[in-house]
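Asker: Okay, handing you the structure first.
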Amino acid sequence: MSDTYQKLLIMTAGGHGQVVAETARMIRKYDKIAFLDDGKKALDVVGGLNEWEKFITPNGEYDGIFPAIGNNEKRKEWMDAFQLHGVKMPVLIHPTAWVSPSAVIEEGTIVEAMAVVNANAVVKRGTIVGIGALIDHDAVLEECCHVDAGAIVHARGVVKACRKVEAGEVVEEGQS
């Protein structure tokens with residue numbers, strides 16, 4: 001998937017949102033990045049979470065939105081709403097990550113620094129592939145899951161929708 005957004009809105013400004021923003025800056029596709037957040041007040045927070053529609057084109061100034069929400073179920077709810085409205089959600093791949101050309105990475109997904117997504121792996125929409133995570137060949141990460149820092153999903157392993165694989169955890173083939 002090729003994303004050509006120039007202005008990116010990130011839904012929320014917490015720790016995960018900051019990782020998303022830094023990744024977006026490092027891939028150098030965005031000339032403007034701002035946040036929506038109900039709790040944080042900072043110069044780059046432009047509004048609350050429920051105000052997203054006024055910021056997205058054709059009505060607003062942002063081309064796409066990224067759901068930087070750590071809670072997997074909540075991230076799915078927001079992504080479903082964005083999808084209903086035709087809002088574009090980019091794929092963000094950190095420059096130090098390695099993603100096989102045969103892997104499939106769906107919208108609203110981030111592959112963080114030093115992570116690997118190997119041959120024929122499928123990473124469904126809204127997934128977080130954490131720093132240093134290893135996704136081996138033919139693995140499937142269903143939508144809105146989170147493979148945390150340093151976790152490993154072995155060849156042909158499956159991670160069910162909205163599941164969190166904890167830091168350092170190993171998912172074997174046949175597990176989910």
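The values are calculated or read from the model by the stated rules, or taken from the named source; none is laboratory data. Everything numeric here is computed off the predicted structure, so don't read it as measured data. With ideal geometry, Cβ positions are generated from the backbone for all residues, glycine too; neighbour counts draw on all protein chains shown.
Asker: Is one or more of the residues making up the range 85-97 closer than 25 Å to Gly48 by Cβ and surrounded by fewer than 16 Cβ atoms within 10 Å (Cβ to Cβ)? Don't jump to the end; show me each part of the working.
Answerer: Of the range 85-97, the ones closer than 25 Å to Gly48 by Cβ are 85-90, 92.
Next cut, surrounded by fewer than 16 Cβ atoms within 10 Å (Cβ to Cβ) only: 85-86.
Yes: one or more hits.
Asker: Another question, if that's okay. Here are some conditions: (1) of a type outside the set (Lys, Arg); (2) free of Cβ contacts under 8 Å to residues at least 40 places away in the same chain; (3) crowded, with 21+ Cβ neighbours inside 10 Å; (4) out of contact with any Asp or Glu (no Cβ under 7 Å at 6 or more places or on another chain). Val116 meets all but one. Which one does it not meet?
Answerer: Here Val116 clears every test but (3).
Asker: Also, quick follow-up: Count, please, the residues in the range 32-60 that happen to be in contact with a Leu (Cβ under 9 Å, 6 or more places away or on another chain) and not basic (Lys, Arg).
Answerer: Taking the range 32-60 and keeping what is in contact with a Leu (Cβ under 9 Å, 6 or more places away or on another chain), we get 32-38, 45-52, 55-56, 60.
Filter once more, keeping what is not basic (Lys, Arg): 33-38, 45-52, 55-56, 60.
The total comes to 17.
Asker: Could you please give the count of residues in the range 110-129 that are in a loop (DSSP other than H, G, I, E, B) and within 12 Å of Val153 (Cα to Cα)?
Answerer: Our first condition is that a residue be in a loop (DSSP other than H, G, I, E, B); within the range 110-129, this holds for 112-115, 118-121, 124-127.
With the extra rule that they be within 12 Å of Val153 (Cα to Cα), the set shrinks to 115, 118, 121.
Number of matching residues: 3.
Asker: Another one. How do the pairs read when you match residues in the range 159-174 that are at positive phi with residues anywhere that are assigned to a strand (DSSP E or B), using Cβ under 9 Å and keeping only pairs 6 or more apart or on different chains?
Answerer: That search, which allows pairs on different chains as well, returns Cys162/His146; Gly168/Ile152; Gly174/Val158.
Asker: If you don't mind, another one. So, Trp78, is that one among the hydrophobic types (A, V, I, L, M, F, W, C), over 16 Å from the mean Cα position of the chain (by Cα) and part of a helix (DSSP H, G or I) or not? So that I can check it myself, show each step before the final result.
Answerer: On the way: among the hydrophobic types (A, V, I, L, M, F, W, C): yes; over 16 Å from the mean Cα position of the chain (by Cα): no; part of a helix (DSSP H, G or I): yes.
Considered against the rule, which asks whether it is among the hydrophobic types (A, V, I, L, M, F, W, C), over 16 Å from the mean Cα position of the chain (by Cα) and part of a helix (DSSP H, G or I), Trp78 comes out as no.
Asker: Also, quick follow-up: Within the range 60-70, is even one residue without any contact (Cβ under 8 Å) to a residue 40 or more places away in the chain, touching a helix residue (DSSP H, G or I) at 6+ places or on another chain (Cβ under 9 Å), in the same structural domain as His16 (by TED's automatic domain parsing) and not small (Gly, Ala, Ser)?
Answerer: The answer is no; no qualifying residue exists.
Asker: Same structure again: Which one of Lys40, Lys29, Lys54 is outside any loop (DSSP other than H, G, I, E, B) and modelled with pLDDT under 90? Full working, then the answer.
Answerer: Working: Lys40 fails: outside any loop (DSSP other than H, G, I, E, B); Lys29 fails: outside any loop (DSSP other than H, G, I, E, B).
One residue alone meets the criteria, Lys54.
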